[in-house]
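Worksheet: the structure to be examined is printed underneath.
What follows is calculated from the coordinates using simple rules that are stated; it is not laboratory data. Remember, predicted model here, so these are calculated numbers, not experimental data. Please note: Cβ atoms are built from the backbone with ideal geometry, for glycine as well, and neighbour counts cover all protein chains shown.
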Amino acid sequence: MNRCTTPSSCHLPAPRVSRFRQAALLAAVACTALCAVAPASAQTQPGLGLSRPFPEAALRGTLSINTASEATLNGKTIRMAPGMRLFSPQNTLVMAHTVMGQTFKVNYVLENSTGMLHAAWILTEGEAAQPRKGSDAIITNITTGSGAALK
């Protein structure tokens, strides 16, 4: 192990920076960081720019989430499947409770066996402009009234 034999070679004096200069430097770094982050966080991506592949069975409609298990689809109340997935325009999952009360133009898929809402994709303006079949009536396998009996 090598040890310093002379005090001048071992202990170099640290450069002195006044507290004012330290504070000014810290403030400048903080302002630069905030200026760089603020514009990026204010921008929202309208979509990926790519067309998303929707299932062939997907229909077009207007969706509004009412409760954790109920939504309004094309003006009519419908139950949501327990594993219902709601996708944002960026194709990320959206938790249904965060968009309660909001109305969206969507492509949606219903479960064949239960008629519940299985999945919905919130559309961008470009996707909403593309033609797609949709219905104003919700088709389910549940019928009521006098025509409910099977013949």
(message) Checking the condition without any contact (Cβ under 8 Å) to a residue 24 or more places away in the chain and out of contact with any helix residue (DSSP H, G or I) (no Cβ under 6 Å at 6 or more places or on another chain), which residue from T98, T103 passes?
(response) T98
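Filtering the range 112-133 down to residues that are of a type outside the set (A, V, I, L, M, F, W, C) and buried (at least 17 other Cβ atoms within 10 Å of the Cβ), which residue is farthest from Q90 (Cα to Cα)?
Initial filter on the range 112-133 (of a type outside the set (A, V, I, L, M, F, W, C)): 112-115, 118, 124-127, 130-133.
Next, only the ones that are buried (at least 17 other Cβ atoms within 10 Å of the Cβ) stay: 118, 124, 127.
On the way: H118: 19, T124: 9, E127: 12 Å.
Selected residue: H118.
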(message) Take the residues in the range 53-95 that are part of a loop (DSSP other than H, G, I, E, B) and under 15 Å from the mean Cα position of the chain (by Cα); name whichever of them is farthest from N112 (Cα to Cα).
(response) Q90
(message) Exactly one of these conditions fails for M100: (1) within 15 Å of the chain's Cα centre (by Cα); (2) within 20 Å of E125 (Cβ to Cβ). Give me its number.
(response) (2)
